[in-house]
Amino acid sequence: MSTEARTPVPTRREQILKEAARLFADRGFHGVGVDEIGAAVGISGPGLYRHFAGKDAMLAELLVGISERLLDAGRARAAVRGAGPDAPLDALISGHIDFALDDRPLITLHDRELDRLRDEDRKLVRQLQRQYVELWVDVVREVYPALTEGAARTAVHAVFGLLNSTPHLGARGTLPDRTATAALLHRLARGAFASAPDTPPAPDRTGIDGY
């Protein structure tokens, strides 16, 4: 019997959301019809209503859902211990890079379509995002204690801007080598955080105290 891990088969609902995200990102929310989303997953447009009330419900689930997943995964990554003091920060960066590389349509959707959500859904997305940012702020300040809370928050938003630029790296399916791109983004993020503290380096006391 094979012991290889098997990739879970997406549910029909997950398939619909994935194709809806792709189509909305490519052509805009109002440029896509229910029939087209259905055709992309092999069911009739009206058949979609067995899973979602309509396009608005799909958009809400996409944007609220990714905010929830980022926060939940971020909490788990921030709790990483035992691999050095920088491990939680490196884990957070790696996790966000995975999102930025693998879910590029959701970044485009957030930037372009967030205001189309109902007020309560938009407020929920914003609330989840604020919690995600503050999670990063706490971890960043553990690694760079010279940073003020405000400076750390600014640095976190700047790094998010860097990592979330992936939709501009090329059309869907033309992303440069994923491993190399992920490594480059990680180095850039760490470099940004490392350059944020506005404090002079500690004096080199080698040879003065015998160390």
Practice item. Would you mind calculating the relative contact order of the chain from Cα pairs under 8 angstrom and at least 6 residues apart, reporting the percent as a whole number? Key: 19 percent
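Nothing charged except the Cβ atoms of Lys and Arg (+1) and of Asp and Glu (-1): what's the magnitude of the dipole of the chain about its Cα centre? Round to the nearest 20 debye. Provide the component values of the computation, followed by the final result.
Details: 27 positive and 29 negative charges, 74 e Å.
That gives the chain a dipole magnitude of about 360 debye.
Ignoring ligands, DNA and RNA, please state the percent of accessible area on the chain from carbon and sulfur, probe 1.4 Å. Intermediate values should be presented prior to the final figure.
Details: 6550 of 12290 Å².
Carbon and sulfur together cover 53 percent of it.
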Check your understanding: Which whole-Hz couplings ³J(HN,Hα) result when phi for each residue of region 40-57 is put into the Karplus expression 6.51 cos²θ - 1.76 cosθ + 1.60, θ = phi - 60°, listed in order with x for Gly and Pro?
Key -> 5, 10, x, 9, 6, x, x, x, 4, 6, 6, 10, 9, 6, x, 5, 4, 5
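Express the accessible area of region 1-159 per residue in Å², computed with a 1.4 Å probe while the remaining protein chains stay in the model. Mind showing how you got there, number by number?
Numbers: 8640 Å² over 159 residues.
Counting only protein heavy atoms, the per-residue value for region 1-159 is 54 Å².
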Practice item. Output the peptides 27-34, 157-164 sorted from most to least packed, where packing is the average of other Cβ atoms within 10 Å over each peptide's residues. Key: 157-164, 27-34
Review point. Okay, helix-only estimate at 222 nm for the chain: each DSSP H run of n ≥ 4 adds -39500 (n - 2.57), divide by all residues, round to 500 deg cm²/dmol; what do you get?
Key: -20500 deg cm²/dmol
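Within 10 Å, count the other beta carbons around each residue, average over each peptide in 178-189, 92-103, and list them highest first. The partial results should precede the final answer.
Working: 178-189: 14.2, 92-103: 18.8.
Highest to lowest by the protection proxy: 92-103, 178-189.
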Practice item. Using every pair of alpha-carbon atoms in region 128-172, split the distances into 5 Å bins beginning at 0 and state the percent of pairs per bin, rounded to integers. Key: 5, 22, 26, 19, 12, 8, 6, 2, 0
Revision key, fill the gap. The correct pair for the chain, radius of gyration to one decimal and Dmax as a whole number, both in Å and from Cα atoms, is 20.7, 79
Exercise for review: Please work out the FRET efficiency for the pair Ala87 and Leu169, using the Cβ-Cβ distance as r and a Förster radius of 30 Å; give the result to the nearest 0.05.
Suggested key: 0.65
Revision key, fill the gap. In units of 2.2 N^0.38 Å, the Cα radius of gyration of region 1-91 is 1.47
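If the only charges are +1 at each Lys and Arg Cβ and -1 at each Asp and Glu Cβ, what is the size of the charge dipole of region 1-123 around the Cα centre, to the nearest 20 debye?
Numbers: 18 positive and 21 negative charges, 45 e Å.
About 220 debye.
The values are calculated or read from the model by the stated rules, or taken from the named source; none is laboratory data. On a predicted model such as this, the values are computed, not experimentally measured, just so you know. As a convention, Cβ positions derive from the backbone with ideal geometry for all residues, glycine included, and neighbour counts pool all protein chains shown. Only protein heavy atoms, including side chains, enter the accessible area calculation; ligands, DNA and RNA are left aside. Shrake-Rupley method; radii C 1.70, N 1.55, O 1.52, S 1.80 Å.
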